[in-house]
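Chemist: Got a structure for you, questions after.
The values are calculated or read from the model by the stated rules, or taken from the named source; none is laboratory data. These figures come from a predicted structure and were not determined experimentally. We place every Cβ from the backbone using ideal geometry, glycine too, and count neighbours over all the protein chains shown. Ligands, DNA and RNA are stripped out before the accessible areas are found, and what is left, the full protein with its side chains, is counted by its heavy atoms. Shrake-Rupley method; radii C 1.70, N 1.55, O 1.52, S 1.80 Å.
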Amino acid sequence: MIKAIIFDFDGLIIDTESVWYESYKETLQSYQFDLPLAEFGECIGSDETVLNTYFKKNLGESCNVDEIETRAFDIYKTKMSSPEARIGVLDYLQEANKTGYKIGLASSSSKEWVTKYLEELGLINYFEVIVTRDDVKKVKPSPDLYLKAIKDLNINSSEAIAFEDSLNGSIAAMTAGLKCVIVPNPVTELSAFENYSLRLKSMSEKSLSEVIELIEKS
């Protein structure tokens, strides 16, 4: 029986991932270098280590990764001046809250990053537990974030559904023993997702109760 839902953050609640990709691509134009979506996709849901390694490999060890990140972040901030939650997110949170499901969040980003946006979006009070990279040794695709979230929610992994947009996130959730619903965004929709419980184009496709019913029957 499902007792809780646990959300990823970046790319799932708010599509920061597509904006980051656009920002990096624009930044790298001044280096006469393109960033293939496949390469960017490998770091989605995890941390910047993979992306920074890719930069050094292709632009040279002497390339200034900090400079690239700073330029990209400046572009990102302009593009994200008025953040909006992805369609259906608020409906799911309201339905979960009304129905009595526990609500958690498991993100590879920092606590400061996550809470800033949740406060701006007016969503932070829906979450009973917020677990970020500040709370674990390893981020996704390691299961640590989800294992801590279910521990803090005082449930078993079989009693929770994870909502994820990325391959790294889905691996983390399923390795931790959770059912996983994939809700990809434009930069993750071609990822090679496997063994998930359900895939939605957006959370407006099915209500939360319909999703939970389908998963409990499967």
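Chemist: Only one of these conditions is not met by I161: (1) at pLDDT below 95; (2) open to solvent by less than 70 Å² (accessible area, probe 1.4 Å). Which number is it?
Modeler: (1) is the only condition that I161 fails.
Chemist: Determine if the stretch 18-33 includes at least one residue that is over 21 Å from L118 (Cβ atoms), without any contact (Cβ under 8 Å) to a residue 40 or more places away in the chain and not in a helix (DSSP H, G or I).
Modeler: There is at least one residue in the stretch 18-33 that is over 21 Å from L118 (Cβ atoms), without any contact (Cβ under 8 Å) to a residue 40 or more places away in the chain and not in a helix (DSSP H, G or I).
Chemist: Considering L93, L118, L123, L145, which residue is open to solvent by less than 50 Å² (accessible area, probe 1.4 Å) and closer than 23 Å to E22 by Cα?
Modeler: L118 is the lone residue from the list that is open to solvent by less than 50 Å² (accessible area, probe 1.4 Å) and closer than 23 Å to E22 by Cα.
Chemist: Could I ask something else about it? Residue by residue through the stretch 96-115, note down the ones that are open to solvent by less than 50 Å² (accessible area, probe 1.4 Å) and of a type in the set (G, A, S).
Modeler: Across the stretch 96-115, the qualifying residues are A96, G104, A106, S107, S108, S109, S110.
Chemist: Considering only residues that are of a type in the set (A, V, I, L, M, F, W, C) and assigned to a loop (DSSP other than H, G, I, E, B), look in the stretch 46-96 and name the one that is farthest from the chain's Cα centre (by Cα).
Modeler: The first filter runs over the stretch 46-96 and keeps only residues of a type in the set (A, V, I, L, M, F, W, C), leaving 50-51, 55, 59, 63, 65, 68, 72-73, 75, 80, 85, 87, 89-90, 93, 96.
Those left that are additionally assigned to a loop (DSSP other than H, G, I, E, B): 63, 80, 85, 87.
Details: C63: 28, M80: 16, A85: 12, I87: 15 Å.
Looking at residues that are of a type in the set (A, V, I, L, M, F, W, C) and assigned to a loop (DSSP other than H, G, I, E, B), I get C63.
Chemist: Continuing with the same structure: I'm trying to understand the selection: among the residues of the stretch 193-206, which are within 16 Å of the chain's Cα centre (by Cα) and part of a loop (DSSP other than H, G, I, E, B)? Let's see the steps before the verdict.
Modeler: The first filter runs over the stretch 193-206 and keeps only residues within 16 Å of the chain's Cα centre (by Cα), leaving 193, 196, 199-203.
Within the stretch 193-206, F193, Y196, L200, K201, S202, M203 meet the criteria.
Chemist: Condition first: in contact with a helix residue (DSSP H, G or I) (Cβ under 9 Å, 6 or more places away or on another chain), closer than 16 Å to A96 by Cβ, in contact (Cβ under 8 Å) with a residue 24 or more places away in the chain and surrounded by 15 or more Cβ atoms within 10 Å (Cβ to Cβ). Can you find one or more residues in the stretch 184-202 that meet it?
Modeler: No: zero hits.
Chemist: Taking into account only those residues within the stretch 164-181 that are farther than 22 Å from E128 by Cα and among the hydrophobic types (A, V, I, L, M, F, W, C), which is modelled with the lowest pLDDT? Walk me through how you get there before you give the answer.
Modeler: The initial filter retains those residues of the stretch 164-181 that are farther than 22 Å from E128 by Cα, namely 166-168, 171, 175.
Add one more test, that the residue is among the hydrophobic types (A, V, I, L, M, F, W, C), and what stays is 167, 171.
Numbers: L167: 94, I171: 97.
Among them, the one singled out is L167.
Chemist: Taking the stretch 170-192, which residues are polar (S, T, N, Q) and not in a loop (DSSP other than H, G, I, E, B)? Outline the logic, then answer.
Modeler: Taking the stretch 170-192 first, the residues polar (S, T, N, Q) are 170, 175, 185, 188, 191.
Across the stretch 170-192, the qualifying residues are S170, T175.
Chemist: Please report, ordered by residue number, the strands (runs of 3 or more DSSP E) entirely within the stretch 102-169 with at least 1 residues that are within 19 Å of N195 (Cβ to Cβ) and either β-branched (V, I, T) or in contact (Cβ under 8 Å) with a residue 40 or more places away in the chain (or both).
Modeler: Strands (runs of 3 or more DSSP E) meeting the threshold: 102-106, 160-164.
Chemist: Kindly check whether there is at least one residue in the stretch 3-13 that is at pLDDT 95 or above, surrounded by fewer than 20 Cβ atoms within 10 Å (Cβ to Cβ) and closer than 30 Å to V211 by Cα.
Modeler: yes
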